[in-house]
Amino acid sequence: MVSIIGNMSHSGRAGRHEVVMHLSDRVGSQAYPVPTPVVATSVEERELLQTQRSFLAVKTLAEQAKATFVGISHIAWNAPLHQDGFINDDEVAELIELGAVGEIAGWAYSDRGVLLQEGTNSRVASVALEQPAHRLIIGVAGAVKKSEAILAALHGKLITGLITDEAAAQAILSKI
């Protein structure tokens, strides 16, 4: 199991949702977490972190994956990136102002699914997303509050498949 997103805040606090660790324990496989924060404190820090041998090894494994499962979330006050301390109040306000509606692996995107060129995206220390996705990228998200973010990810071809719940599917279909 290989992660594509860091799992620490600016201050070094670990996130609660390290899915790769939970899954690898469950199936008895090795786990390869990304050894970085979700968002670095500067572009220079991100560049330095992404030169680490451990990051490069995980990135190479992630790029060789036949299938990648990614969580999709919305951008809002107390959405997961904000609630878990990966971005602060000023950063979430900036993303909202820039028109971000969703995020995948820390990468914020617009209502058309276009990755933002500004805001925290310049400092995201996760493995880069392809746009459009050139391999099997399955988005996993549910709940009506995430429907705009899910629809935008589909429009922008950030994902090639989707696992969702009935409420989110109905909300998405009502927007098409």
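Among residues of segment 151-176 that are open to solvent by 90 Å² or more (accessible area, probe 1.4 Å) and at pLDDT 95 or above, those with a beta-carbon under 9 Å from a residue that is among the hydrophobic types (A, V, I, L, M, F, W, C) and assigned to a helix (DSSP H, G or I) at least six positions away or on a different chain give the pairs GLN170/VAL144. For ILE72, the test of being within 16 Å of the chain's Cα centre (by Cα) and either over 15 Å from GLY85 (Cβ atoms) or surrounded by fewer than 16 Cβ atoms within 10 Å (Cβ to Cβ) (or both) is passed. Can you find even one residue in segment 94-102 that is in a helix (DSSP H, G or I), in contact (Cβ under 8 Å) with a residue 40 or more places away in the chain and over 20 Å from SER3 (Cβ atoms)? No: segment 94-102 contains no residue that is in a helix (DSSP H, G or I), in contact (Cβ under 8 Å) with a residue 40 or more places away in the chain and over 20 Å from SER3 (Cβ atoms).
Within segment 30-40, being under 17 Å from the mean Cα position of the chain (by Cα) and either over 25 Å from THR160 (Cβ atoms) or open to solvent by 40 Å² or more (accessible area, probe 1.4 Å) (or both) holds for TYR32, PRO33, PRO35, THR36, PRO37, VAL39, ALA40.
Of all residues in segment 9-38, those that are within 19 Å of GLN52 (Cα to Cα) and without any contact (Cβ under 8 Å) to a residue 60 or more places away in the chain have Cβ atoms under 6 Å from Cβ atoms of residues that are in a loop (DSSP other than H, G, I, E, B) and hydrophobic (A, V, I, L, M, F, W, C), 6 or more apart or on another chain, in ALA31/MET1.
ASN78 passes every criterion in (1) at negative phi; (2) assigned to a loop (DSSP other than H, G, I, E, B); (3) surrounded by fewer than 22 Cβ atoms within 10 Å (Cβ to Cβ) apart from (1).
The values are calculated or read from the model by the stated rules, or taken from the named source; none is laboratory data. Here the structure is a predicted model, which means the values were calculated and not measured. Every residue, glycine as well, gets a Cβ built from its backbone with ideal geometry; the counts of neighbours run over all protein chains shown. The protein model used for the area step is the full one, side chains on, heavy atoms only, and it has no ligands, DNA or RNA in it. Shrake-Rupley method; radii C 1.70, N 1.55, O 1.52, S 1.80 Å.
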